[in-house]
Amino acid sequence: MVKITGAGAGKRGMFMTISVLMLGMIILSLVFFLSEQLIASNASAAESGDIDRAAGTYANIEEEVSRIVSFYINVSANGGNVTIEEPVPFPGRMSDALDAFSQFEASYAEQNVSINLTNTKSGDFMIMPGEIAISNAPGSFAVTPQNSTESSESLQSYYVELAFPAGRIKSANWSLMSNSSANPISVHVRAHDPNYAVVLDVYGNVDRYGTSVLNLTDALSNGTQVALVRFSSPAALQVQTGSAIGLKTIVEFYNLVTLEANDTISVRSTVNKTGRLRIA
Amino acid sequence: MAGKREGKGFKGFVFSIDAILAVSIMVIFIAASFLLIAKSSQDAYASLQMVRLGKDMLAVLEKSGTFALWDKEVLERTMNSSLPQGAGFHLQLDTYKYVNSTFALVDSGHYGQQLPRSTNVYGARRDFVTMSNGETEYTIARLWIW
């Protein structure tokens, strides 16, 4: 057995002490590093929670606005088809219901919520992509694409169904027809009374960039015009009527589409979320 | 003799310092271990998962029409069969009507167990509108799960 004495033993003791000190420091550094990582992870989780909360509130409000709209008018986007079924004139009570819901959310939401529904209330929507405008005015309904490949060129066909009160409809005739295009739009206009005793079906391939007008005339008086369906450039549709009717329009596209309102919902809390309102 | 005693005193001092150092390092090591174990046992993302579970449950209950029944037994049975085993819940439904430009609370229901005081509780909320017979009702469903 070798016994180290004197200066050798002192040096070894000092070396041991320094080694142990360094070990302690390494452990402390490791603890500090891991602790920082845990704090960062917790902060990240908290931030995810905030984002989740804002996104959840936004989605909830969007869904309920869509539900209110669907109660008054039937709107849906199914693949490349958009269906809009509504009474003409456009129901004014929808505007009151949307206002009440906005007020409810402003009063009871846990986050700061602001909802702008100006366009939705007046029945103005947007088919995306392509920014194809759907608009409602007193006695008028219109689908107006942009003059572009992804807008007017994406449109494949129109189906327009007009439901008139009993005994109001007699005939449907083209007063103007433009069908010279090599790339036409297929149209089908159906007019009927409530019991389908009178059903008028008009088919055609109309010029995407021309004007075609279909006149629907009255059965009661002397052939008075009761409604007008106009197809005009660029691939636009307009329905005009002076009486209260039920209107169903199916617009078919070559591509997948969604229906949005040109309005926004904003949820403001620790994390803000603002987006355009998707209806279908 | 005096030199030997001084040498022994110095050795004792070094021994004491060494012992204190060893104990200190041991204390640091144990404290650090406890700190890390305590922090790592709090899964920060578990709360997010529970909140999402709550939201999904509220959405399912609303869309399936279970809320519309206002049936305590059906609601509690559905909740208990959907939640993970051992989990508890408290559900509150407040329904308002828009009368004279203000919202009046017309119905309020509480379901499930009392909220615990000593456990982590996760909350979810869903607002929904019901329209029937020309009447519109605005309901806030609040769910706490633990």
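The values are calculated or read from the model by the stated rules, or taken from the named source; none is laboratory data. The structure presented is a predicted model; accordingly, all values stated were derived computationally and were not measured. Every residue, glycine as well, gets a Cβ built from its backbone with ideal geometry; the counts of neighbours run over all protein chains shown.
Points worth noting:
- Tabulated pairs, the range A:106-131, first within 14 Å of chain B (Cβ to nearest Cβ), second surrounded by fewer than 15 Cβ atoms within 10 Å (Cβ to Cβ) and outside any helix (DSSP H, G or I), C-beta under 7 angstrom, 6+ apart or interchain: A:Q111/A:R268
- A single entry from A:N222, A:N179, A:N173, A:N147 fulfils the requirement of being surrounded by fewer than 18 Cβ atoms within 10 Å (Cβ to Cβ) and within 30 Å of A:E260 (Cβ to Cβ): A:N147.
- Criterion (within 21 Å of A:S140 (Cα to Cα) and not charged (D, E, K, R)) met by exactly one of A:S186, A:S233: A:S233
- Any hit, the range A:105-114, residues being within 14 Å of B:T136 (Cα to Cα), among the small types (G, A, S) and crowded, with 16+ Cβ neighbours inside 10 Å: no
- Set A:L38, A:L117: member being surrounded by 15 or more Cβ atoms within 10 Å (Cβ to Cβ), of a type in the set (A, V, I, L, M) and at pLDDT below 90: A:L38
- Given (1) outside any strand (DSSP E or B); (2) out of contact with any strand residue (DSSP E or B) (no Cβ under 7 Å at 6 or more places or on another chain); (3) away from chain B (no Cβ under 14 Å), number of the condition A:N136 does not satisfy: (1)
- Pick from the range A:54-65, criterion more than 7 Å from chain B (Cβ to nearest Cβ) and out of contact with any Asp or Glu (no Cβ under 8 Å at 6 or more places or on another chain), ranking: surrounded by the most Cβ atoms within 10 Å (Cβ to Cβ): A:V65
- Qualifying residue in the range B:121-142 (condition: more than 13 Å from every other protein chain (Cβ to nearest Cβ) and out of contact with any Gly (no Cβ under 7 Å at 6 or more places or on another chain)): yes
- Filter result for A:I68 (part of a helix (DSSP H, G or I), surrounded by 18 or more Cβ atoms within 10 Å (Cβ to Cβ), among the aliphatic types (A, V, I, L, M) and within 7 Å of chain B (Cβ to nearest Cβ)): yes
- Close Cβ contacts (under 8 Å, 6 or more residues apart or on different chains) running from residues in the range B:52-77 that are at positive phi to residues that are at pLDDT 90 or above and not in a helix (DSSP H, G or I) comprise B:W70/B:L93; B:W70/B:D107; B:W70/B:G109.
- Residue in the range B:81-95 that is surrounded by fewer than 16 Cβ atoms within 10 Å (Cβ to Cβ) and either at positive phi or in contact with an Asp or Glu (Cβ under 6 Å, 6 or more places away or on another chain) (or both) present: yes
- Residue match in the range B:101-117 (condition: of a type in the set (G, A, S), in contact with a Lys or Arg (Cβ under 6 Å, 6 or more places away or on another chain) and more than 10 Å from every other protein chain (Cβ to nearest Cβ)): yes
- Residue list for the range B:71-95, filter: among the polar types (S, T, N, Q) and either in a strand (DSSP E or B) or in contact with a His (Cβ under 8 Å, 6 or more places away or on another chain) (or both): B:Q92, B:T95
- Residue match in the range A:150-163 (condition: among the β-branched types (V, I, T) and within 18 Å of A:E62 (Cβ to Cβ)): no
- Count - residues of the range A:60-100 that are of a type in the set (G, A, S) and under 21 Å from A:N116 (Cα atoms): 6
- Flag if B:V60 is more than 10 Å from chain A (Cβ to nearest Cβ) and part of a helix (DSSP H, G or I): yes
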